[in-house]
Ligand SMILES: Nc1ncnc2c1ncn2[C@@H]1O[C@H](COP(=O)(O)OP(=O)(O)OP(=O)(O)O)[C@@H](O)[C@H]1O
Ligand SMILES: [Mg+2]
């Protein structure tokens, strides 16, 4: 399943993505071009080998883990490396841990209005129907316009934080449902509230107790760039 999280800077997108990932999978893999404090509780890796080894370690362990891959300056090339590791190995054992969640933070860096990075496009096409296991993909962006139409179409679930620009609200009304945009319009500034819309059931829920998905504090790092 593909999930979209949209919200302005500092609303809590990365924090929410980690919470959802933990609800859905024991092991989650995150493409993180901006490894700030919001990923201080994740395992951070800076090259393909570190990333691969961290995944292997996670398979052996029973712990819940989010492993971040931090790309270098060339983000698109970094995404190739991230996908190469995910795609490596025997497909039947790749998702041994019984389902996986892949978080793509700062997704704007991998798309234009008409096109996504080809490997992201593949991932989104694969997500709903991989034969091996459940794959959840969570895509994060600041504005609805950062995400191209195909990605909006592929997504079955939207988490929307407070939006302040009328043009952004209008886009949500056009591409999703007017009710989702209406819900976030009244959110308080700095409240970290979020509206969830499920495309299949067409239900809008307001999540107004952010303490439930508030940040955790544990720190672990696999290396430094
Ligand atoms: N549910 C929450 N409850 C309390 N504080 C929160 C919550 N979610 C996020 N925060 C705080 O808000 C700040 C921003 O969170 P986060 O980095 O997740 O936002 P973001 O939308 O990903 O930001 P950016 O646009 O910079 O990537 C952090 O200091 C974080 O601790
Ligand atoms: Mg973030």
**Message:** Restricting to the stretch 21-34, name every residue that is in contact with a strand residue (DSSP E or B) (Cβ under 6 Å, 6 or more places away or on another chain) and within 14 Å of ligand 2 (Cβ to nearest atom).
**Reply:** 21, 30, 31, 32
**Item:** Residue within the stretch 39-51 that is within 14 Å of the chain's Cα centre (by Cα) and surrounded by fewer than 20 Cβ atoms within 10 Å (Cβ to Cβ) present
**Value:** no
**Asked** Just one of the numbered conditions (1) over 28 Å from residue 145 (Cα atoms); (2) in contact (Cβ under 8 Å) with a residue 60 or more places away in the chain is not true of residue 18; which one?
**Response** (1)
**Complete:** Listed by first then second residue, the pairs whose first member lies in the stretch 37-49 and is over 17 Å from residue 14 (Cβ atoms), whose partner is at pLDDT below 95, with beta carbons under 6 Å and at least 6 positions apart or on separate chains, are 46/223; 46/225; 48/85
**Prompt:** For the stretch 129-166, what are the residues that are more than 14 Å from residue 197 (Cα to Cα), at pLDDT 95 or above and out of contact with any helix residue (DSSP H, G or I) (no Cβ under 8 Å at 6 or more places or on another chain)?
**Reply:** 165, 166
**Message:** I'd like the full set of residues that are assigned to a loop (DSSP other than H, G, I, E, B) and over 16 Å from residue 11 (Cα atoms), limited to the stretch 162-194.
**Reply:** 176, 177
**Fill in**
Taking the stretch 104-121 and keeping residues farther than 18 Å from residue 86 by Cβ and away from ligand 1 (no atom under 13 Å from the Cβ) leaves 111, 112, 113, 114, 115
**Complete:** Of the residues in the stretch 100-123, those that are in a strand (DSSP E or B) and within 21 Å of residue 66 (Cα to Cα) number 5
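The values are calculated or read from the model by the stated rules, or taken from the named source; none is laboratory data. Note that this is a predicted model, so its numbers are computed, not measured. Don't worry about glycine lacking a Cβ; one is built from the backbone with ideal geometry, like all the others, and counts go over all protein chains shown.
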